[in-house]
Amino acid sequence: KNQVEQSPQSLIILEGKNCTLQCNYTVSPFSNLRWYKQDTGRGPVSLTIMTFSENTKSNGRYTATLDADTKQSSLHITASQLSDSASYICVVSGHGGGTSYGKLTFGQGTILTVHP
Amino acid sequence: DAGVTQSPTHLIKTRGQHVTLRCSPISGHKSVSWYQQVLGQGPQFIFQYYEKEERGRGNFPDRFSARQFPNYSSELNVNALLLGDSALYLCASTSVSLEVPGLAENTGELFFGEGSRLTVL
């Protein structure tokens, strides 16, 4: 069964500090991995999309890494801000030649809280 | 340009009732997908529609149904509501064609709406 596991479940850090969120997956065959940011009560917003051949991808203060061999990804947030407080969701797409998004497997998310 | 819009934003129903949720995709997007997000969990795929046809269905009972209209907007219907149907229902659209096998999965950017918060009492 395709699964995406995220850790930690929740994290509290002080403003200005860095943090790293983890994502392990068992989706196979693998197509791509996405990180989304979801503010409380809002829809998810895409941060990065990484394909099999990409090891690192940055979007401002967000840097995602991917190790397709170990099936692990991380999202590193640099110099955190209060507005970074949100749930961060890892989403893995399986490659099956299909034409739907039914093959997306979502993690349960990591809730990040940034305190002043 | 307007993003994905959903309505209503919040609603309260009682067990056994029926609910209809609506979604308007970003202009030009022909694909709409629906997700259920229970509090504390990641979204779960319910349906995907492309060019008014169902292209994917998640593991949800027949009480859940959907359709897409000629203007590419979509409705999600849930009959005989249960307490467990309480969730945030998200709609997402994409501009990527679903006619090319694998293209949507490999490259498609999903744009989510703000969701409809359903509470079943």
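The values are calculated or read from the model by the stated rules, or taken from the named source; none is laboratory data. From a predicted model like this one, the values you see are computed outputs, not experimental measurements. For neighbour counting, all protein chains shown are included, and Cβ atoms are generated from backbone atoms with ideal geometry for every residue, glycine included. Side chains included, ligands, DNA and RNA excluded: accessible areas come from the protein's heavy atoms. Shrake-Rupley method; radii C 1.70, N 1.55, O 1.52, S 1.80 Å.
Within region A:63-83, the residues that satisfy the criterion of being farther than 11 Å from A:THR20 by Cβ and not in a loop (DSSP other than H, G, I, E, B) are A:LEU66, A:ASP67, A:GLN72, A:LEU82, A:SER83. One residue stands out among those in region A:9-22 that are open to solvent by less than 50 Å² (accessible area, probe 1.4 Å) and at negative phi: the one that is farthest from the chain's Cα centre (by Cα), which is A:ILE13. Among the residues of region A:23-71, the ones that are open to solvent by less than 40 Å² (accessible area, probe 1.4 Å) and more than 21 Å from B:PHE112 (Cα to Cα) come to 7 in all.
Checking each residue in region B:1-56 for being of a type in the set (Lys, Arg) and surrounded by 17 or more Cβ atoms within 10 Å (Cβ to Cβ) picks out B:LYS30, B:ARG55.
Would you check which residues across region B:95-119 are modelled with pLDDT of 90 or more and either in contact with a Phe, Trp or Tyr (Cβ under 7 Å, 6 or more places away or on another chain) or open to solvent by less than 10 Å² (accessible area, probe 1.4 Å) (or both) and list them? Hits for region B:95-119 are B:GLY113, B:GLY115, B:SER116, B:LEU118. Within region B:94-113, residues that are within 7 Å of another protein chain (Cβ to nearest Cβ) reach partners that are assigned to a helix (DSSP H, G or I) and modelled with pLDDT under 65 with beta carbons closer than 8 Å, at six or more positions or on different chains, in the pairs B:LEU98/B:ALA104. A single member of A:VAL114, A:VAL92 is touching a helix residue (DSSP H, G or I) at 6+ places or on another chain (Cβ under 6 Å), in contact (Cβ under 8 Å) with a residue 12 or more places away in the chain, under 20 Å from B:GLY40 (Cα atoms) and surrounded by 17 or more Cβ atoms within 10 Å (Cβ to Cβ), and it is A:VAL114. Taking region B:48-80 as the range and being more than 14 Å from every other protein chain (Cβ to nearest Cβ) and among the basic types (Lys, Arg) as the test, the residues that pass are B:LYS52, B:ARG63, B:ARG67. Looking at region B:38-66, I want the residues that are assigned to a strand (DSSP E or B) and have a partner that is among the β-branched types (Val, Ile, Thr) with Cβ atoms under 7 Å, at least 6 apart or on another chain. Which pairs are those? Once the first residue is assigned to a strand (DSSP E or B) and sits in region B:38-66, its partners that are among the β-branched types (Val, Ile, Thr) give B:TYR49/B:VAL32; B:ARG55/A:THR99; B:PHE64/B:ILE46; B:PHE64/B:VAL78.
Comparison of B:ALA92, B:ALA66 shows that the only residue that is modelled with pLDDT of 95 or more and closer than 18 Å to B:LYS30 by Cβ is B:ALA66.
Right, B:LEU83: hydrophobic (A, V, I, L, M, F, W, C) and away from every other protein chain (no Cβ under 13 Å) or not? Yes; evaluated as a whole, the condition is true for this residue.
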